[in-house]
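Enquirer: Quick one: the structure is below, questions incoming.
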Amino acid sequence: MTDLNENNIFRRLDNDRIKEEILSLVKQDNPFLEVFEKTNVVENQWGDKALYYGTQPAPGLEWKRKKSDLKFGEPNVFTHELELVIKNLYYSMANPQIMKFSLGTTERTQNLIAQLIAEIGEAASNDLLSKCVELLCTDDNYRDTALIKKNPADKEFEKPEQVFRWILDTSAGMCFLSKAFNKGYYEKKILPDPADPDKKTSVGWIPVNVSSYKKENLILIIDPQVMNTMVEAIMIRAVNYDLANLEKRFGKVIEVPLVNGYKFIILDKKAFAIRYAIKEGVLTEEEPATMNTWYYSHIWAFAGSIPFANQAAWVERA
């Protein structure tokens, strides 16, 4: 006789363990989470907005005998609001009693249900990956001087050595203090209008002096077709492969199809932030009439570009 308590075999599985397995699966399948998941992101009480907090050290002071002669400032603290990019309900459904009848044992049934639940993580990972690519391939993220726009008619990738050199030069430039690769922070200024004697409010970005310090802090996100061109034209033919190997010149190289004409992006680890959460683990709902059990997971993610950190991109559009 079938034990009706086995109708919901999921109850035999530890909910926290399943939650961790889903998170682990999402991170395993999503290279952006590995690099850009941040803890210095704070959600508001309603959970629909989040702020990223970034800092810059205060400048050094010349030593004085009296503390009163030292002009202390405060470290710069910048904030940037992140968009709620995923607020989805992911789900799966199983009929444990019929599955057990077909599979023969409780253990096999549990394993299959666990696999169905794990696929929730795969679906969420795919959505987050697509959204991250969309956000990264947005012109507003980049300072004008750090967004290289080319026309496909120029056939730049027929001269891959020049593109390769730009990748090397840009990544090297980001390792020193510069304002060239960030938009900075957004500030309202009161500026005089030459056409009007009255002062008017103007809004603008103020770049900040930042450094990524070392290439290990830089990430290269590159379209697979471009990567294949670099490998074929530069890396394979290099006399010293290690010097030409992009994997050794960045903290991480992420190959992923890009959109909106983007070919590759170079950015600091701090230049993109993700806050990812599974709300309340995995919830279940039984249907006595059908013997079905539904498994639900509410997954939310905040993500966005951080304008006061180094980032640059190469785009081709007609």
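The values are calculated or read from the model by the stated rules, or taken from the named source; none is laboratory data. Not measured: the values here are computed from a predicted model. No Cβ is skipped: glycine too gets one built from the backbone with ideal geometry, and neighbour counts run over all protein chains shown.
Enquirer: Would you be able to say whether some residue in the stretch 158-172 is at pLDDT 90 or above, under 19 Å from Ser305 (Cα atoms) and either not in a helix (DSSP H, G or I) or not small (Gly, Ala, Ser) (or both)?
Expert: Yes, because at least one residue in the stretch 158-172 is at pLDDT 90 or above, under 19 Å from Ser305 (Cα atoms) and either not in a helix (DSSP H, G or I) or not small (Gly, Ala, Ser) (or both).
Enquirer: Further question on the same structure: Against the definition (in the same structural domain as Val256 (by TED's automatic domain parsing), crowded, with 20+ Cβ neighbours inside 10 Å and among the aliphatic types (A, V, I, L, M)), how does Ile167 come out, yes or no? Step through it out loud before you land on a result.
Expert: Values: in the same structural domain as Val256 (by TED's automatic domain parsing): yes; crowded, with 20+ Cβ neighbours inside 10 Å: yes; among the aliphatic types (A, V, I, L, M): yes.
So Ile167 fits the description; yes.
Enquirer: In the stretch 141-150, which residues are in a helix (DSSP H, G or I) and either within 22 Å of Asn228 (Cβ to Cβ) or without any contact (Cβ under 8 Å) to a residue 40 or more places away in the chain (or both)?
Expert: Listed by number, the residues that qualify are Asp144, Thr145.
Enquirer: In the stretch 91-135, what residues are acidic (Asp, Glu), within 27 Å of Glu255 (Cα to Cα) and free of Cβ contacts under 8 Å to residues at least 40 places away in the same chain?
Expert: Glu119, the sole residue that qualifies.
Residue-by-condition table, conditions (1) modelled with pLDDT of 85 or more; (2) part of a loop (DSSP other than H, G, I, E, B); (3) farther than 22 Å from Asp140 by Cα; (4) assigned by TED's automatic domain parsing to the domain that holds Leu177:
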residue	(1), (2), (3), (4)
Glu187	no, no, no, yes
Ile190	no, no, yes, yes
Val203	no, no, no, yes
Ile221	yes, no, no, yes
Met227	yes, no, yes, yes
Glu232	no, no, yes, yes
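Enquirer: Quick check on the stretch 285-299. Is at least one of its residues more than 30 Å from Lys100 (Cα to Cα), crowded, with 21+ Cβ neighbours inside 10 Å and not assigned by TED's automatic domain parsing to the domain that holds Ile221? Please lay out each step first, then the result.
Expert: Narrowing the stretch 285-299 to residues more than 30 Å from Lys100 (Cα to Cα): none.
No, every residue in the stretch 285-299 fails to be more than 30 Å from Lys100 (Cα to Cα), crowded, with 21+ Cβ neighbours inside 10 Å and not assigned by TED's automatic domain parsing to the domain that holds Ile221.
Enquirer: List every residue pair whose Cβ atoms lie under 7 Å apart, where the two residues are 6 or more positions apart in sequence or sit on different chains, the first residue falls within the stretch 62-90 and is more than 15 Å from Trp300 (Cβ to Cβ), and the second residue, located anywhere, is at pLDDT below 80 and among the hydroxyl-bearing types (Ser, Thr, Tyr).
Expert: Pro75/Thr55; Asn76/Thr55; Val77/Thr55
Enquirer: If Pro257 passes every condition in (1) within 21 Å of the chain's Cα centre (by Cα); (2) assigned by TED's automatic domain parsing to the domain that holds Leu51; (3) at pLDDT 75 or above but one, which one does it miss?
Expert: (2)
Enquirer: Within the stretch 242-318, considering only strands (runs of 3 or more DSSP E) that don't extend past its boundaries, which have at least 1 residues that are without any contact (Cβ under 8 Å) to a residue 12 or more places away in the chain?
Expert: Working: elements: 252-255, 262-268, 272-287, 292-305, 311-316.
Output list reads 272-287.
Enquirer: Where in the stretch 13-132 are there helices (runs of 4 or more DSSP H), lying wholly inside it, with at least 3 residues that are more than 23 Å from the chain's Cα centre (by Cα) and either modelled with pLDDT of 80 or more or buried (at least 17 other Cβ atoms within 10 Å of the Cβ) (or both)?
Expert: 96-103
Enquirer: Restricting attention to the stretch 136-157, which residues are of a type in the set (Lys, Arg) and within 27 Å of the chain's Cα centre (by Cα)?
Expert: Within the stretch 136-157, Arg143, Lys149, Lys150 qualify.
Enquirer: Quick check, is Lys179 under 28 Å from Glu316 (Cα atoms) and assigned by TED's automatic domain parsing to the domain that holds Glu232?
Expert: Details: under 28 Å from Glu316 (Cα atoms): yes; assigned by TED's automatic domain parsing to the domain that holds Glu232: yes.
Taking the combined requirement at face value, the residue satisfies it.
Enquirer: What number goes with the only condition from (1) exposed (fewer than 15 other Cβ atoms within 10 Å of the Cβ); (2) aliphatic (A, V, I, L, M); (3) not assigned by TED's automatic domain parsing to the domain that holds Trp205 that Ala153 does not pass?
Expert: That leaves (3) as the condition not met.
Enquirer: Right, another one. Residue under question is Ala153, and the condition is that it be assigned to a helix (DSSP H, G or I), among the small types (Gly, Ala, Ser), in contact with a Ser or Thr (Cβ under 9 Å, 6 or more places away or on another chain) and touching a residue at least 24 places away in the same chain (Cβ under 8 Å); does it hold?
Expert: Against the criterion (assigned to a helix (DSSP H, G or I), among the small types (Gly, Ala, Ser), in contact with a Ser or Thr (Cβ under 9 Å, 6 or more places away or on another chain) and touching a residue at least 24 places away in the same chain (Cβ under 8 Å)), Ala153 does not qualify.
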